[in-house]
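The structure under discussion appears below in the form of structure tokens.
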Amino acid sequence: MKKTLTPRRAVCGLLAALAAAAAVWLLCRWVGYDLQLRLGDKQQFEIVNDDYSRIIDVPDEGLVQSFPLKAGQSICGVRLNFSTHDALYKCGMVMVDLYDENGQLLGQGAGNFLNIFNDSFTAFAYGGSYTAEKDEVLTLHIYNEVAWDGPLGLWASDGTVPGMPLYAGDTAQDATLALQIMTDRSADWPTRLAQSLAPLLAAAAFAAVLLCVWRAPAVLYLAVVGLACGLAFVRVTPALTAPDEYTHLAAAYEQASRWSGQTAADENGRLLVRACDAPYFGTRTGDIGIFAYKQAEAVIEQAQRSEPADPALTVVSEAKTGQGSGSYLPQALGIWLARARGADFYTMLRTGRICNLLLYLALAALAAALAPAGVRGLLACVAVLPMPLQLAGSLSPDASVLGTVFCYTALCLRLCGKKAALWEKLLLVVLGGIVGPAKAIYLPVVLLCFVIPADNLAGPQEYVRGPFGLRVRSGRLIQAATLVLAGGLWLTANLGALAYAARDVSRAALAAGAAALAVMLALVLRLYAWARTDARRLRRLRRGLAAAAAAAVLGGVFALSRMGGGLDPDQLLMTNPNGDSIWTFSLGYICRNLPATAKLLLRTIPEQGALWLQGVLGTTLGEPIVYRLDVSWLLGVGLVLALLAAALPVQGEQPPLGRHAAWGTAGIILCVVAASLVVALNWTPINYQTLFGLQGRYWLPVLPLALVLCKRAGNVSLRRNASRGAALTVTACTLLTLLQGFGLYASWQPVS
């Protein structure tokens, strides 16, 4: 960086970075202005009395209506149903004052007759919000402030609703006004929230342009720009709306409770939480919309003016304990730190998210540092995509899995072209052991260690004595140790899920198949010892092994399809109340119904293929099964083109993988895709016509491998490396995704 940073480049970079920051700042202001126009007058109401059958005119002394307000309930306005007796454009002003039990004025609302229409509800907003500390009775005084032409009526019930008397002066009326209370209003919150995002997004744009023009290392670019964009995702993604975040919160919260020495669950296995956290714990995806944003900020502001929260776990939540199967160390650490400081729920959630983000960025930066020079820019582009940053800016354990797989991939590519040091060998085994149990479908990625030439992993002694008198290269032992460790830990973590997937297959047959596989492996080793010194024998052995493997796969499928355990017609018709079959695809069912499974997959590809691509890139936000928030498809096109630009080979550059290694890598990618399809089938009801729950983000860990394969393309090549420009383009699209995503989150309204 010092060699290429001339004074002219330094000044130009600084000016360009300032221009980019200013542009992003103006974009944030525009988003706030646009949202304020669309959402600045959004209101939420709660019905107090919806029984109305007659009209009561407002007398000179006004009407006095009492109504109850529960403890903890807020009111910032009211809505009344007026009648103008079919007359229009009356001049005048009506006032609706709110009083507490002691006669203290809480708020005043005014309404011009020009805005009051016949037989319609009209809202009166107060300057602030009042929250009842206990159950109490409030009073509305409705009167005329300016004389009007003709009578003004209010719809009311025929008879008094208990606890809600109506008076005209001192005379009781046998009626109760049709009344709704305004529990919340958006006010200027759209502008305030957009302004709070501006510093982070402007900082990200400034750093991205400056580091790109100054030709900073990919590690520095990833750490600085990724941190700014990730922190923006922490704020943009509403609470508990990231994929399965409510489950991840329960798991991390439980772990933090155990670290604190507290009892995490009651006798029924329900999670115990602090009193301040109890209202927000649930078993569903959180709310979105401007009021979800406002609630979070309001709770944080209120908590900053209050005493620290009580750390005692006194409330039983709906969430269950024991839901965490992945690593929740960073999330639990953040929650533990926030609870130790007495922070409120939303601050606690953000702290857990930030710790998760920091771990992901540390792993991604390590991956960029480990990767060979030609792959670092590509890894940086993938790491700052919207999807990985969205996962990292939530409580999802997929972020740490993603960073670990990136590190393992980068290390394997690094060792393809250099002799491994001792620490690199140890790191290879350790990372392979972590990747194995991290997530079931990523076990094939461990096979990437076999693309490393054995000579690069060899120790001081190139050959060691193995079984059957076979001389084995020490490098192969490193690869075998990586695979065995990963496989053993994978079985430990996923044995239960594997047994469930094979629930209708004979366990004895599976055991016999495993034993036969072990015997075949020993036989292959013996044959290899016999043929390794003869090229002709070795070639025949390889062909024979390929034919035997194909025959074994076909024979295994045939055996599973004839093993029995199928569902009878009555069982096939059994469904849940929502119409879904109570049976899902299992290993045996798939093998017995290969045509039906193939048809389901063929229907799924055209229907969900675009959504999978969006899931890989991150142009669909939140939990897509619950909320479909898709940003502009132009951003998706820009991300795809930027990734392809970073993946194109450069003239004179040596490809990271050789021909045979590239074929093996393609096989690993296909195995991961196939494993994800099998897992998705395992939770898809058998009466579905398409796959259920398969998301493109599952393939994100192998995206760098797919892009590395593009570097072997011979038809198109670049004169110089375009990874810096590609990273800047990806960052720009990520920033635009954040801005548009914030607008989509804030303006979302439930479908009526």
Next item on the list: Would you pull out the residues with amide H under 5 Å of LEU106's amide H, same chain only if 5 or more places away, H placed 1.01 Å from N?
Entry: LEU98, TYR99, ASP100
Check: Quick one: if the Förster radius is 51 Å, what FRET efficiency do LEU477 and LEU14 give, using the C-beta to C-beta distance and rounding to 0.05?
Finding: 0.45
Next item on the list: Can you list which of the trypsin sites (Lys or Arg not before Pro) found in region 325-355 are DSSP loop residues with at most 15 other C-beta atoms within 10 Å?
Entry: ARG341
Notebook entry, point to check: Using mean Cβ contacts within 10 Å as the protection proxy, how do 703-710, 436-443, 495-502 order, highest first?
Noted result: 436-443, 703-710, 495-502
Note to self: Distances longer than 42 Å among the Cα atoms of the chain: what percent of all pairs is that?
What the structure shows: 44
Check: Hey, got the dipole for region 11-72? About the Cα centre, +1 on K and R Cβ, -1 on D and E Cβ, debye to the nearest 20?
Finding: 580
Next item on the list: Report, in deg cm²/dmol and to the nearest 500, the calculated mean residue ellipticity at 222 nm for the chain, where each DSSP H run with n ≥ 4 adds -39500 (n - 2.57) and the sum is divided by the residue count.
Entry: -17500 deg cm²/dmol
Next item on the list: Compare the Cα positions of ALA535, TRP336, LEU411 along the charge dipole of the chain (+1 at Cβ of Lys, Arg; -1 at Cβ of Asp, Glu; about the Cα centre) and return the one farthest towards the positive end.
Entry: ALA535
Margin query: Could you tell me the calculated FRET efficiency between SER506 and VAL678, based on Cβ-Cβ distance and R0 = 25 angstrom, to the nearest 0.05?
Written below: 0.85
Margin query: Rounded, prolate or oblate for region 641-752? Axes are the square roots of the Cα gyration tensor eigenvalues, ordered a ≥ b ≥ c, and the cut-off for rounded is a/c under 1.5.
Written below: oblate
Check: Do any trypsin sites (Lys or Arg not before Pro) in region 696-748 lie in a loop, going by DSSP, with at most 16 other beta-carbon atoms within 10 Å of their beta carbon, and if so which?
Finding: ARG712, ARG719, ARG720
Next item on the list: Work out, step by step, the length gained on full extension between THR183 and CYS91: first 0.36 nm times the residue separation, then minus their alpha carbon distance; give nm to one decimal.
Entry: 30.2 nm
Next item on the list: Taking the Cα centre of the chain as origin, work out the dipole magnitude from +1 charges on Lys and Arg Cβ and -1 charges on Asp and Glu Cβ, in debye rounded to 20.
Entry: 7480
Checklist line | Estimated FRET transfer efficiency (ALA713, GLU133; beta-carbon r; R0 60 Å; 0.05) | finding: 0.30
Notebook entry, point to check: Can you put HIS248, HIS660, HIS85, HIS141 in order, fewest other beta carbons within 10 Å first?
Noted result: HIS660, HIS85, HIS141, HIS248
Next item on the list: Sort out for me the Cα centre separation of region 573-639 from region 37-74, rounded to whole Å.
Entry: 46
Check: How many nm separate the modelled label positions at GLN104 and SER74, each set 7 Å beyond the Cα in the direction of the Cβ?
Finding: 1.9
Margin query: Need one number: nm distance between label points at ALA275 and LEU573, each 7 Å from Cα along Cα→Cβ, rounded to one decimal.
Written below: 5.6
Notebook entry, point to check: For the chain, what's the relative contact order in percent, using C-alpha pairs closer than 8 Å and at least 6 residues apart?
Noted result: 13
Next item on the list: Quick one: compute the contact order of region 321-456, relative version, from alpha carbon pairs under 8 angstrom and 6+ residues apart, as a percent.
Entry: 23
Checklist line | Sparsely packed chymotrypsin sites (Phe, Trp or Tyr not before Pro) within region 1-97, loop by DSSP, other Cβ within 10 Å at most 14 | finding: TYR89
Margin query: Report, in listed order, any pair from LYS439/LYS599; LYS320/LYS599; LYS320/LYS439; LYS42/LYS70; LYS439/LYS711 with a Cα-Cα distance greater than 31 Å.
Written below: LYS320/LYS599
Checklist line | Sequence of GLU424, GLU653 once ranked by neighbouring C-beta atoms within 10 Å, starting from the fewest | finding: GLU653, GLU424
Item checked: Dipole-positive endmost among PHE45, LEU69, ILE142 within region 45-185 (Cβ charges, Cα centre) -> PHE45
Check: Among GLU145, GLU623, what is the fewest-to-most ranking by other Cβ atoms within 10 Å?
Finding: GLU145, GLU623
Item checked: ASP534 paired with ASP119, simple spin-label distance in nm, labels 7 Å along Cα-to-beta-carbon -> 10.1
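A short reminder: the numbers here are calculations on the coordinates, not readings from a lab. What you see is a predicted model, and the numbers here were worked out from it, not measured in a lab. Using ideal geometry, Cβ is built from the backbone for each residue, glycine included, and neighbour counts are taken over all protein chains shown.
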